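Attaching a single structure in structure tokens format; questions to follow.
Just so you know, all these numbers are worked out from the coordinates, no wet-lab data involved. All of these numbers come straight from a predicted model, not from anything done at the bench. FYI the Cβ positions are ideal-geometry reconstructions off the backbone, even for glycines, and counts take in every protein chain you see.
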Amino acid sequence: MASIRKSLLQFLMSGVYMKRWNDKLRPTEFYEVDKQAHKMIVAFALAELYAQNRNLNISERQELHATIVKNGIYEYLFRLVITDIKPSILNNIRNKESEFSALAQWGLDETERYVRPLGDALWNDYVQYVKRPKLVAKNDSIEQVAETILYASHVFSSLWEYKLIEKLNVYDDETNSVLKELRNTLKEYAILDEIKLLEDRHSALYKFVAFCGQLRFQKRWSQVPRVPETSVLGHMFIVAVYAYCFSVVEEACSARCINNFYGGLFHDLPELLTRDIISPVKKATENLANIIQQYEKSEMDKRVFEPLKNAGLTNILERLKYYLGYEVGSEFKECIILDNKVKKIDFNELSTFYNENKYDPKDGSLIKTCDTLAAFIEAYLAVRNGMSSEQLHEALWRMRTEQMKKTTYLKHIHLASLYADFD
């Protein structure tokens, strides 16, 4: 039976320690989890634009996103154990069948104890993905389009990072060659017109994904010393992956798994406009949370939604609003699409009657549970790493107590038992 374990949650969180470009002079630290978050945001936007331009029906769009999301997660899992290998070396190894086969098997052996508890179906699919040959055919199959979008998103997010450190490394002989290689690779994968827009800094698509990337600079728990520090961007990705794993264990339909991943990936997007305001502050007065929410909506309309609308990027706009819960009042409310209208429902209704792709279901409570769990583990790791402050201990006690007192609403995951695993 599929299950969620403490070891998996901590393994997924380990990307917050993994530094990128650590052989270069950097204006700030770059971490793998932030890069993966940015990559998946870019992939989401490209996939929605691709679906819009080609008039994909809902099942085709869901299949494209399902492939992108699961493969993106598989890539993250694999990179967690091979992250010290430079991309140029990894690409060289991938072109040598026997060497890559050995590396892939080693990576599978290292990740099996974390991933296999999610169920045989997911494990077998993960094994097949890791061992796959590199796709080179330029065709319009969903698998190939997803592969192209994912790799282009990977290259773009790496290029976006490297542009930030370029001017600090003028003395480095590699600087120009790295930039040239990244740009040439992005052009090589720009076989889709949508990807070409990433090369235009004035396009609404570029501005949107660049805007989202800025969340890597915003640190969570900004008034509390912690090791490791986590950014809002990285936190959103962790919540997204947790939500996907929870959905798999809860036997959610494919569309629900996708929507819960993206719901987690975008749930804190408005904080780019308001900063990370901690829950106790939001609850300081009766109306403060509502005032903050109204400000967030106003700024999101002006700085995110209107530019997307004016550029004709309607699919991205509509899906963002759906994931942020604009039609139902909160990103943490369950919803479906029924008769082409967004409808608010509760968790039991969703699980009992609407757990089918045709309803395009999205959880709210489950995403909130994963949001709290990610915050709890952030604080837990900080304390385990020696950052023992009163604020961290209070936060741990509050979150653990609140979650362990909750009536279990999930069928296959017992939250109190999961929290009890964290001593």
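Determine which aspartates and glutamates satisfy two conditions relative to Lys358: a Cα distance under 20 Å, and not lying fewer than 8 residues away in the same chain.
The reachable aspartates and glutamates, counting only those whose Cα sits under 20 Å from Lys358, are Glu48, Glu60, Glu63, Glu250, Glu251, Glu318, Glu327, Glu334, Asp339, Asp346, Glu349.
Also, quick follow-up: At a 10 angstrom cut-off on C-beta neighbours, averaged per residue, how do the peptides 88-99, 144-155, 14-25 rank from highest to lowest?
Descending mean neighbour count gives 144-155, 14-25, 88-99.
Can you tell me which lysines have their Cα less than 21 Å from the Cα of Lys19? Leave out same-chain residues fewer than eight positions away.
Within reach: Lys35, Lys39, Lys86, Lys163, Lys167, Lys219.
Count neighbours as other Cβ atoms within 10 Å of each site's Cβ, and list the GluC sites (Glu not before Pro) in the stretch 179-264 that are DSSP loop with at most 16 such neighbours.
Within the stretch 179-264, the qualifying GluC sites (Glu not before Pro) (loop, at most 16 other Cβ atoms within 10 Å) are Glu251.
So which trypsin sites (Lys or Arg not before Pro) in the stretch 353-423 pass both tests, a DSSP loop state and at most 16 other Cβ atoms within 10 Å of the Cβ?
Of the trypsin sites (Lys or Arg not before Pro), the ones in loops of the stretch 353-423 whose Cβ has at most 16 other Cβ atoms within 10 Å are Lys406, Lys411.
Let me check I have the definition right: for the chain, take the eigenvalues of the Cα gyration tensor, multiply each by 5, take square roots. What are those semi-axes in whole Å, largest first?
After diagonalising the Cα gyration tensor, the semi-axes are 30, 26, 24 Å.
Take the Cβ-Cβ distance between Gln105 and Asn290 as r, set R0 to 45 Å, and report the resulting FRET efficiency rounded to the nearest 0.05.
The formula returns an efficiency of 0.25 here.
Starting from one equal scatterer on each C-alpha and no solvent at all, send me the Debye-based log10 I(q)/I(0) for the stretch 254-420 at q = 0.09 Å⁻¹, two decimals.
Debye output, listed in q order: -0.37.
Lysines within cross-link reach of Lys411: Cα-Cα under 17 Å, excluding same-chain residues under 8 positions apart?
Lys362, Lys368
Please rank Trp123, Trp160, fewest neighbouring Cβ atoms within 10 Å first, as an exposure proxy.
Trp123, Trp160
Something else now. Percentage of Cα-Cα pair distances in the stretch 36-117 greater than 17 Å, rounded to whole percent?
So the pairs more than 17 Å apart make up 59 percent of the total in the stretch 36-117.
Okay, next question. Where the centroid of each part is defined by its Cα atoms, how far is the stretch 201-269 from the stretch 59-90 in Å?
What the calculation gives is 15 Å, centre to centre.
Using 1/(1 + (r/R0)^6) with R0 = 25 angstrom and r between the beta carbons of Tyr171 and Phe211, what's the FRET efficiency to the nearest 0.05?
The formula returns an efficiency of 0.20 here.
Quick one, could you list the DSSP H helices from the chain stretching 27 Å or more along their long axis (Cα atoms) with average Kyte-Doolittle hydropathy of 0.0 or above?
Length and hydropathy pass: 32-53, 58-82, 142-165, 365-384.
The stretch 6-214: D in µm²/s via Stokes-Einstein (Kirkwood Rh, Cα pairs, 10 °C, 1.306 mPa s)?
Once the numbers are plugged in, D ends up at 87 µm²/s.
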